[in-house]
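Just below is one structure, and these are the notes that go with it.
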Ligand SMILES: Nc1ncnc2c1ncn2[C@@H]1O[C@H](COP(=O)(O)OP(=O)(O)OP(=O)(O)O)[C@@H](O)[C@H]1O
Ligand SMILES: [Mg+2]
């Protein structure tokens, strides 16, 4: 097990990168702490696989250093790094039994048969494979195959970290849930660092102690799920995390403070902001509504989506700005009706040129 440090680490697939745009991974400093679970989250093409392959050694970075427990491993081969990597599609021997799939990596390392048997039994117990150990791997379901891929990585007793590159894509939602829980359980029992790549925010948020959000080859923010939710460092994170995404509103500068006409707010502290494009962001969960006779800005209901115990109300402010409110399901809300909308001051985030002020 190891702490993994990226030191000004970046990668361009081009042999002669001319500008930042030529970098699939823009140089970044990042520490993955030993024993934690992480998600690497971002849209397609943002550099997730590139970062993961650099950590496992499938790819050598064009810039910077990679350290495991302070030791430079940048030039070390995959096998010297002891990383277990699980890919989108299971990598297993379909002609071999589950047992042989698990034992084979150890046979290749010339472990003693008895030691192999013990270790396979341990991993089988951990992944709950005892009932299928002697089945041919080709007869397994997709999620079982993915468990075997994982097991093949975990049998070695020197794994520094488990890297999972969208391993749940081929699995149906119910199985996803149970496999994700199993991964967390393994992390708890073995203390192995796990990095799960996904572009599904709810998967990322429910799996990881910390989520690393990427866009266009750049790390946007790294933090606990609630930090990303409560204090997104930029509007992209506000948008990518949370469903529906954060609402953004135009503001007017009034001396030392800001006003938001759409929500009838004024006196929003402005702090030491430089001139620049200003907006405020409010999570749909942080807005509340009441009868139009009560306190708050008046807005018109354009749609109301019932999610069972919650509802998402789409509203239009008198300024013409559209926004959404997410609340517990209460009475029926008619399209075209008017509501008073309010927010607590602490839930108003100020963004300057897209960055949290
Ligand atoms: N072998 C390669 N040669 C050249 N460019 C590549 C190569 N692999 C990836 N890229 C480019 O690098 C960028 C990052 O790709 P990467 O595969 O790391 O993204 P990703 O976040 O894993 O995307 P996805 O979610 O689709 O898997 C993309 O623009 C991609 O086209
Ligand atoms: Mg990828």
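What follows is calculated from the coordinates using simple rules that are stated; it is not laboratory data. Predicted, not measured: the structure shown is a model, and the values here were computed from it. Heads up, the Cβs are rebuilt from the backbone with ideal geometry, glycines too, and the neighbour counts pull from every protein chain shown.
Using per-residue counts of other Cβ atoms within 10 Å, averaged over each peptide, order 340-347, 116-123 from highest down.
116-123, 340-347
Using R₀ = 45 Å, calculate the FRET efficiency as 1/(1 + (r/R₀)^6) where r is the Cβ-Cβ separation of residue 158 and residue 355; round to 0.05.
Efficiency for this residue pair is about 0.60.
What's the ranking of 310-320, 289-299 by average number of surrounding C-beta atoms within 10 Å, highest first?
310-320, 289-299
Pop out the Kirkwood hydrodynamic radius of the range 247-356 from its pairwise C-alpha distances, inverse of mean 1/r, in Å to one decimal.
When all Cα pairs of the range 247-356 are included, the Kirkwood radius is 14.4 Å.
Calculate how many DSSP beta bridges within the range 4-240 are antiparallel, expressed in % of all such bridges and rounded to the nearest 5.
Taking every DSSP beta bridge with both residues in the range 4-240, the antiparallel ones total about 50 percent.
Separation of the range 334-352 and the range 247-263 by C-alpha centroid, Å?
Rounded to whole Å, the Cα centres lie 12 Å apart.
What ranking of 32, 111 emerges when the number of other C-beta atoms within 10 Å of each C-beta is taken as an exposure proxy, fewest first?
Lowest count first: 111, 32.
With 10 angstrom as the radius, rank 74, 15, 95 by how many other C-beta atoms surround their C-beta, starting from the fewest.
15, 95, 74
So what is the calculated 222 nm ellipticity per residue for the chain, using -39500 (n - 2.57) for each DSSP H run with n of 4 or more, over all residues, to the nearest 500 deg cm²/dmol?
Here the helix-only value at 222 nm equals -7500 deg cm²/dmol.
Going out from 0 in 10 Å bins, what whole percent of all Cα-Cα distances in the chain drops into each bin?
Per 10 Å bin, starting at zero, the Cα-Cα P(r) for the chain comes out as 5, 21, 25, 21, 16, 9, 4, 0 percent.
Compactness ratio of the range 81-152: Cα Rg over 2.2 N^0.38 Å, N = residue count?
1.03
Order by neighbour count: 304, 46, fewest other Cβ atoms within 10 Å first, most last.
Fewest-to-most Cβ neighbours within 10 Å comes out as 304, 46.
Where the centroid of each part is defined by its Cα atoms, how far is the range 73-91 from the range 20-35 in Å?
So the two Cα centres are separated by 17 Å.
Each label point is 7 Å from the Cα along the Cα-to-Cβ direction; what then is the distance between the points at residue 178 and residue 277, in nm?
About 4.8 nm, to one decimal.
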